[in-house]
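Enquirer: Would you mind keeping the following structure in view while I ask a few things?
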Amino acid sequence: MSHKGHVCARVFLMLCIFAGGVLAEPAWVETAKGSLNMRSKPNAESTIVRKVPNGEEVDVLETGDTWSKIEYRGKTGYVKSEFLSDTPRETPEPEIVEVMVIQEGGYARIKTQSGALNVRRKADPKSVVVTQVKNGARVEVVEATLDWSEIVYDGQKGYAQTQYLALDSQMIGKTVYPDDAYLHVRQEASAVSGSLAAVGASQPLTILEMGDAWVKVACTDEKGAQVTGYVAMADIDEWRDTPSSTDATPVFASLNLSAQTLALGEEINAIAAYEQGASCFVRVLRDGEVVLDERPLTSLVFSYRPRESGIYQMELIVRRASGTAIGCEVRFTVEARDSQAQAPSVYSQKDGWWLDKKYSRSNLDQSGCAIFALSHALDRLGKGSAATTPDELARTYPMYLAESGTVTGNLLAAAGRDFGFKTEKEKIYDAQRIAQGFESGAVYSFAIVSGHIALAVGLSEDGTKVKVVDSAPSVTIERIEGAQLYVPDGQGGHRAVSSLWDIPGAKYYVETDQFGGLEYELDLSYVAGRGVRLIQP
């Protein structure tokens, strides 16, 4: 061995002697529980310089039967030898607690006993409440576990206890009942889709699929046949586990329409039927938007004249005394076949078409009887054109005065100059002269009752009656006194009218709750007594 090798060996030996005769060796603290006291001296009365956690690794500098000198994290001291082990303690793998996810994504409805549900920042009952959600509200589900669910409501995210949520996944296959409102079960998940059935609070639905806006269900229609379709989530306030009414008999309602497609300006005619003892209402929607809200149905036969093109649905809503409601609906399409919608061919002031047509500071439906009489007179005289429709005449001659109505004499004088017919300033009260005027092709505008103008267009065959065209006969029959309405009896005579339904062509319009324009007869003496204004070619 060289001289240099001898020197290195002596240095190594001296280090070993300085360290207590042994090299520092690793050991591990092993106590029954808790940490191990490291003291300044090898006795139990000395100062504790550090506590070494159970299971920690230390360097042993000296080993004794009772005490051992160790180094731990830069400090040296003494610990009981019995608590040191030459092997590390076996640490069991941490227990894996599986959280069962019962719904990931989708929606749920809040279902509390009463009041609103707290939504918290964390899944902890002591966490801060970030918002509250009212009972029955629908929320988006991010993830639902058995205990807590992460939800989103009105843009606010948080955690709610799952027991207060009716999750979509829990509703599949369940038989439920709607609340007291009726529901239409539609062919497709669309408000403009056809109705397969209408169900009320006492009729069961089996849930097949849940979506955000629509629920796919199975049920029976009014004929007892099984159907599968969709109900709108917006129509559902609450699902019930049992029917709210013991009466599970479907309400009877039917609706038949005269056409499935019509041109703008044409009317749809309807025949309704529903069970006795119930009340019935009509509602009309266009492209899913309500255009005629619920109106009481006072006649089983009625008409409706749409004012815009689109896809329409007409509904019957039937309510029993118990409060249950159900209905039926029929769809039809209104097409704008021409570039400009045509006005009705028979001028009928109260059919709804004229409700939004302006006449001075009023509208034609309310105040346009003199305009309608003039328009029909011009047609009778062969002067009808696009310029003689009631709305065009109303724009040309805005002569309606709120205090006294239309000044008919001024209206006829102005129109006579423009359209080339003869009129007179004074009214005619002479029956014989009126009859002679008919023979020469004249017609007459006259106040058939107080506040209402009609048109006299000719004489009956026996010369005792005047043929009348009336744009608002509901007003006439309501106000007329000392006179009787007639229609020809088919045998050369006349039959008295007890109801406007007795007049051929009678149509009741559900939107205005009035009859459309009609032709009938009045005694010549009554017409002459009212006084007439001449309109002569």
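Please treat every number below as a calculation from the coordinates, not as lab data. Fair warning: this is a prediction, and the values are worked out from it, not measured in the lab. A quick note on method: Cβ atoms are made from the backbone with ideal geometry, for glycine too, and the neighbour counts reach across all protein chains shown.
Enquirer: In region 101-171, if every C-alpha pair distance is counted and binned at 10 Å from zero, what percent goes to each bin?
Expert: 24, 62, 14, 0
Enquirer: Let me know the Rg and Dmax you get for region 175-235 when you use only its Cα atoms, in Å.
Expert: Cα radius of gyration and Dmax of region 175-235 are 10.2, 30 Å respectively.
Enquirer: Projecting each Cα onto the charge dipole of the chain (Lys/Arg +1, Asp/Glu -1 at the beta carbon, about the Cα centre), which of TRP353, VAL217, VAL457 comes out farthest on the positive side?
Expert: Working it through, the farthest residue towards the positive pole turns out to be TRP353.
Enquirer: Related question: Any idea what angle helix 408-419 forms with the longest principal axis of the chain, computed on alpha-carbon atoms, 0 to 90 degrees, nearest 10?
Expert: 90 degrees
Enquirer: How much of the DSSP beta bridge set in the chain is antiparallel, as a percent to the nearest 5?
Expert: That works out to approximately 95 percent antiparallel.
Enquirer: By how many degrees, between 0 and 90 and to the nearest 10, does the Cα long axis of helix 3-18 differ from the longest principal axis of the chain?
Expert: Helix 3-18 and the main axis of the chain meet at about 70 degrees.
Enquirer: Using the Kirkwood radius over Cα pairs, work out the Stokes-Einstein diffusion coefficient for the chain at 10 °C and 1.306 mPa s, in µm²/s as a whole number.
Expert: The Stokes-Einstein estimate is 50 µm²/s.
Enquirer: What ranking do CYS369, CYS219 get, fewest neighbouring Cβ atoms within 10 angstrom at the top? The partial results should precede the final answer.
Expert: Working: CYS369 28, CYS219 22.
The fewest-first ordering by Cβ neighbours comes to CYS219, CYS369.
Enquirer: What is region 343-537 by shape, rounded, prolate or oblate, if you read a ≥ b ≥ c off the alpha carbon gyration tensor as root eigenvalues and call it rounded for a/c under 1.5, prolate for a/b larger than b/c, and oblate otherwise?
Expert: It comes out oblate by the Cα gyration axes.
Enquirer: So, one more: Return the subset of LYS126/LYS157; LYS33/LYS69; LYS358/LYS425; LYS134/LYS216; LYS358/LYS383; LYS174/LYS223 for which the Cα-Cα distance in this structure is over 19 Å, preserving the input order.
Expert: In this structure, LYS33/LYS69; LYS358/LYS425; LYS134/LYS216; LYS358/LYS383; LYS174/LYS223 lie more than 19 Å apart at Cα.
Enquirer: Quick check for me: using +1 on Lys/Arg Cβ and -1 on Asp/Glu Cβ, what's the dipole size of region 417-537 about its Cα centre, in debye to the nearest 20?
Expert: 400 debye
Enquirer: Moving on. Sort SER348, SER46 by Cβ crowding within 10 Å, fewest neighbours at the top.
Expert: On the way: SER348 27, SER46 13.
Fewest to most other Cβ atoms nearby, the residues stand as SER46, SER348.
Enquirer: Here's something else I'd like to know. Based on the mean of other Cβ atoms within 10 Å per residue, sort peptides 482-489, 38-45 so the most packed one is first.
Expert: Order by mean packing, descending: 482-489, 38-45.
Enquirer: I need PHE252, PHE515 ordered by Cβ neighbour count within 10 Å, fewest first.
Expert: On the way: PHE252 14, PHE515 27.
In order of increasing Cβ crowding within 10 Å: PHE252, PHE515.
Enquirer: While we're on this one: For THR47 and LYS126, what does the FRET efficiency come to when R0 = 51 Å and r is the distance between their Cβ atoms, rounded to the nearest 0.05?
Expert: Efficiency computed from Cβ-Cβ geometry: 0.80.
Enquirer: With +1 assigned to the C-beta of every Lys and Arg and -1 to the C-beta of every Asp and Glu, and no other charges, what is the dipole magnitude of region 110-241 about the Cα centre in debye, to the nearest 20?
Expert: So the dipole magnitude of region 110-241 works out to roughly 380 debye.
Enquirer: Taking only Cα atoms, what is the 0 to 90° angle, nearest 10, from helix 369-380's long axis to the longest principal axis of the chain?
Expert: It works out to around 60 degrees.
Enquirer: What does the net charge come to around GLU461 if you take all other residues with beta carbon closer than 12 Å to its beta carbon, with K and R at +1 and D and E at -1?
Expert: -1
Enquirer: Next question, about the same structure. Determine the dipole magnitude for the chain: charges of +1 sit on the beta-carbon of Lys and Arg, -1 on that of Asp and Glu, nothing else is charged, the reference point is the Cα centre, and the result goes in debye to the nearest 20. Walk me through the numbers on the way to the answer.
Expert: On the way: 54 positive and 71 negative charges, 298 e Å.
I would put it at about 1440 debye.
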